[in-house]
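Below is one structure, written out as structure tokens, with a few remarks after it.
The values are calculated or read from the model by the stated rules, or taken from the named source; none is laboratory data. Owing to the predicted nature of the structure, the values given are computational and were not obtained by experimental measurement. Every residue, glycine among them, receives a Cβ derived from its backbone with ideal geometry; neighbour counts consider all protein chains shown.
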């Protein structure tokens, strides 16, 4: 507004100068007339300028008001739009923040789970390392055990130990004996005591020739080692049949040969029947009345024996109960006779009591009668007095 006024003043000043020059350029007839004319021109020009300024001011005021209204309306619309956009942005920012928090929580949880998994894996690797070391040590122990089992006495001792442990697991202590000695001086690894007799059990561990048979590289070597192995087993069967089947000393007419390894038992009894050119070991052992058993099959035999022993114990208990019942019946009969005698005596005592009571009552009445007799000078004897 001030700039426009300044411009107009400059224009007015320029017009005044222009008119002055124009008027002065004329030849004036009268100086006063010239001054009056100049004053009139200035006044007219001033009025026009004032009117123009007024019109310009009114126009500018109207324009400013319109511009101000438009500006305010635009500002209002812009403010509302900005507020709406700001709310949208704030909501989106809140959602993004919440999503970031959720993602951060999930990521933290996943990192925790991953850390746990890593820790578990490390623990498992540690356990695996320990297990590997234990397996290595076990392999070394097995190798040492194999070296030790090459000695026949150690193999025999191990077989006897396994036999004793199996007997302890199934049978009561009074149902078997370890290192049982016969009158002939022979000592069997174990015997099982039953009602009908004793069952000899001897442990045999033919490992050396069995190992040679397993390690044979050619079929010919394997067959040769198998024949040697079968020959050793037959010698064991013959020894058991001759030494331990002694019916005169209370044994049954058969004995058990305990083989403490399932694989050896399989090769000895099951797989051996495939060689048809010779008699099978099972058929040979049956002829010699020797029954080969493995840990699994011997356990089944022992379970049957244990059930039989339990039934025998129940039978003995039942006999003992019947004997006790018979004694109890005899005692009961004696008590019944005594009770009957006591009843008779009590009945007799009651009858005697009743008789005595009647006599006592009779005497009491007589005594009362005597007391009620008045004094008299009658000197007759008492027995003559009236009753």
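Among the residues of segment 326-339, is any at pLDDT below 80, under 40 Å from the mean Cα position of the chain (by Cα) and surrounded by 10 or more Cβ atoms within 10 Å (Cβ to Cβ)?
So far as segment 326-339 goes, no, none of its residues is at pLDDT below 80, under 40 Å from the mean Cα position of the chain (by Cα) and surrounded by 10 or more Cβ atoms within 10 Å (Cβ to Cβ).
So which residues in segment 214-258 are touching a residue at least 60 places away in the same chain (Cβ under 8 Å) and part of a loop (DSSP other than H, G, I, E, B)?
Of everything in segment 214-258, just one residue is touching a residue at least 60 places away in the same chain (Cβ under 8 Å) and part of a loop (DSSP other than H, G, I, E, B), namely 246.
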